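Encoded as structure tokens, the structure appears first; notes follow it.
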Amino acid sequence: MADISIITGSASDAHVAEKVTRVLDEQGISYDCQTISAHREPERLDDHIASSPCRVYITIAGLSAALPGVIASKTDKPVIGVPVGGPLLGIDALLSIVQMPKGVPVACVGIDNGENAAYLAIRMLKMLSGGRE
């Protein structure tokens with residue numbers, strides 16, 4: 001069972017996912033990593049959310065960055081969004097992630113900051129396990 005599900009919105013986001021997996025590998029945290037577009041593959045995303053035994057989602061998306069919000073609207077598990085830099089320097093993705101409507105919370109880290117997403121997920125896992133560090 002993977003503790004963390006890492007989902008990128010497109011293959012071009014792989015460079016940010018590598019930052020996440022590097023930290024998780026160093027810390028011995030289990031994860032799965034895949035690319036699923038919220039726009040192009042909504043049924044596949046729904047199936048993944050319904051069947052994933054993960055405890056935390058790390059979502060990596062640029063441009064409209066709909067992926068984190070879509071996932072957060074379909075689960076009660078914690079969702080961390082990582083905005084990806086692009087034509088507007090990632091500001092568009094950042095604003096999309098932090099401006100979720102009430103009742104659809106998404107934690108957000110800095111643009112392209114996959115490392116902090118991994119560290120935040122690790123802290124969440126500790127809290128979910130009853131840790132008080």
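Bear in mind that the values in this text are calculations on the coordinates, not laboratory data. Remember, it's a predicted structure, so these values are computed and weren't measured experimentally. Cβ coordinates were reconstructed from backbone atoms using ideal geometry, including for glycine residues, and neighbour counts include every protein chain displayed.
Annotations for the structure displayed:
- Each residue in the stretch 53-65 was checked for being assigned to a loop (DSSP other than H, G, I, E, B) and under 11 Å from the mean Cα position of the chain (by Cα), and 1 pass.
- Residue check for Thr75: among the hydroxyl-bearing types (Ser, Thr, Tyr) and free of Cβ contacts under 8 Å to residues at least 40 places away in the same chain: yes
- The single condition among (1) surrounded by 14 or more Cβ atoms within 10 Å (Cβ to Cβ); (2) of a type outside the set (A, V, I, L, M); (3) at negative phi that Gly90 does not satisfy is (3).
- Subset of the stretch 74-106 (residues that are of a type in the set (S, T, N, Q) and over 22 Å from Leu125 (Cβ atoms)): Ser96, Gln99
- Candidate set: the stretch 93-124, residues that are free of Cβ contacts under 8 Å to residues at least 12 places away in the same chain and charged (D, E, K, R); chosen: the one surrounded by the most Cβ atoms within 10 Å (Cβ to Cβ): Arg123
- Search result, residues across the stretch 71-114 that are touching a Ser or Thr at 6+ places or on another chain (Cβ under 9 Å), of a type in the set (Val, Ile, Thr) and assigned to a helix (DSSP H, G or I): Ile71, Ile97
- Looking across the stretch 1-52, just one residue is part of a loop (DSSP other than H, G, I, E, B), small (Gly, Ala, Ser) and touching a Phe, Trp or Tyr at 6+ places or on another chain (Cβ under 7 Å), and that is Ala2.
- Among the residues of the stretch 1-18, those identified as farther than 19 Å from Asp76 by Cα and surrounded by 18 or more Cβ atoms within 10 Å (Cβ to Cβ) are Thr8, Gly9, Asp13, Val16, Ala17.
- Applying the criterion of being β-branched (Val, Ile, Thr) and out of contact with any Leu (no Cβ under 8 Å at 6 or more places or on another chain) to the residues of the stretch 47-76, the residue that is surrounded by the most Cβ atoms within 10 Å (Cβ to Cβ) is Ile58.
- Filter result (of a type in the set (Gly, Ala, Ser) and touching a helix residue (DSSP H, G or I) at 6+ places or on another chain (Cβ under 8 Å)) within the stretch 86-120: Gly86, Ser96, Ala107, Gly110, Gly114, Ala117, Ala118
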